[in-house]
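Novice: This structure is in structure tokens; I'll ask about it shortly.
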Amino acid sequence: MSSGSSKPRSKAKAKALKAGRPPFLSTTTSKPATAFNPERRSLSAKRTRSLIRTHHVLQKRLAQARAEKDAEQVRELEAQLAASGGLETYQLASTVGQSAERGGDSSRVLVDWLREELEARKPKRFRGHSFAFSASSSSSSNPSPANDEHGSSSTSVQVGGRGPPSPRPLRILEVGALSTTNALNIPLVTSVRRIDLRSSGPGIEEADFMTLPLPDSPDGKGEWHGERGYDVISLSLVLNYVPDAPGRGEMLRRTTMFFSRHHENRDDLEDGDADRDEDMQTEYETPEQTEDDGTRATITTIKHPRVRAHDGRNGPRPPGLLPCLFLVLPAPTLHNSRYLTPDHLTAILSSLGYINLQAKTTRKLHYSLWRYDPRRRKEWVGQGGKTVFHKKEINPGSGRNNFCIVLDDREKE
Ligand SMILES: C[S@@+](CC[C@H](N)C(=O)[O-])C[C@H]1O[C@@H](n2cnc3c(N)ncnc32)[C@H](O)[C@@H]1O
């Protein structure tokens, strides 16, 4: 199923971008933004949305002023951002927006979609037990790997004494992390690196994804815990933080450079992966035409992996879930924008080598999961698919927003 076929559950009403946050139950009056106390759970839903929206608007204006080299305007907007509490207040408002009573954090959806990979990495004696969603690697009662200075779990696993070793923990890069205790922490099973432009605590590295050393950087700076690359990249409500459309495209393109090479040539799987993959068959949906921009290339979307015997005689081994990108956006950015639709997003991501595995839209958010395979990009280009996406109105109508992703074609330059 294409991500385009997921529709919001509520009746189709025009939604503003500010609606992209879970609701908050308390309506108690809050302190002023600059004096916001993170311990207080009293920030109203309205105030939370207003803080987040003001921050986005100021960031966008600031990006414009910088692009126009308008020094005076830049100074003024920076002062306004500081006065409204800056990134710190925005992050606090986002954390409140994530809290359980407002709908929980999005990493639970990712954990649900990765269940098969996570299960395969569980020490055999724990298989079949459910994942402890809220466990942090340091507070869980499960056996926990050593934690480094950032609170991330270690990558080495020594479990039991018999049988083949469990596959190494899933390496996850969480970009735009506000918490170290979300559902991604599964002792012995995941190894999570968390980064943010502003670290809100130990366990979150202060780093800009756009300048983070690439895994293959020759000086070795791109290694993390002695390895290069990640199995999963999470971009949850981060793309919409980027103030300009080309910047969003660049962020998506950059994700493709951070995946572990471990998954290349998956058709010749290593022993540790074999018991998990040999039973997996993936079902492909009939290719469909993109409607919004007339491109002739097809969008091939993988539906739920099915368990079916694969004996090696019926062609190459089918692909699994990894490596993959988890993307969360406010629902209106896809369902009520003049410049972006779910099919258009699928076309953009297909041109980068992504295949849609999962998608769902709730009242507030659109979640999707994409497997990266460079062969997909070649296939897309071979079919005449677009690789350049300009700002173009594809979904006209009053009351729509202007959220847009622009992608140039770096590889042809
Ligand atoms: C709305 S918060 C999202 C937090 C959390 N992931 C969630 O789903 O609620 C967006 C965060 O992304 C961070 N961010 C934006 N661009 C980033 C970049 N280039 N590198 C690292 N973090 C970034 C911001 O600093 C901010 O803390």
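A short reminder: the numbers here are calculations on the coordinates, not readings from a lab. In this text, all values refer to a predicted model and were calculated from it rather than measured experimentally. Cβ atoms come from the backbone with ideal geometry, glycine included; neighbour counts cover every protein chain shown.
Novice: Just to confirm a number: summing +1 for Lys and Arg and -1 for Asp and Glu over residues other than Gly382 whose beta-carbon lies under 11 angstrom from that of Gly382, what do you get?
Specialist: With Lys, Arg at +1 and Asp, Glu at -1, the neighbours total +3.
Novice: Is the stretch 315-409 rounded, prolate or oblate when judged by the Cα gyration tensor, a ≥ b ≥ c being the square roots of its eigenvalues, rounded requiring a/c under 1.5 and prolate requiring a/b larger than b/c?
Specialist: Oblate, since a/c reaches 1.5 and b/c is not below a/b.
Novice: Quick one: net charge around Arg193, please, counting Lys, Arg +1 and Asp, Glu -1 for every other residue with C-beta under 9 Å from its C-beta.
Specialist: It works out to a net charge of 0.
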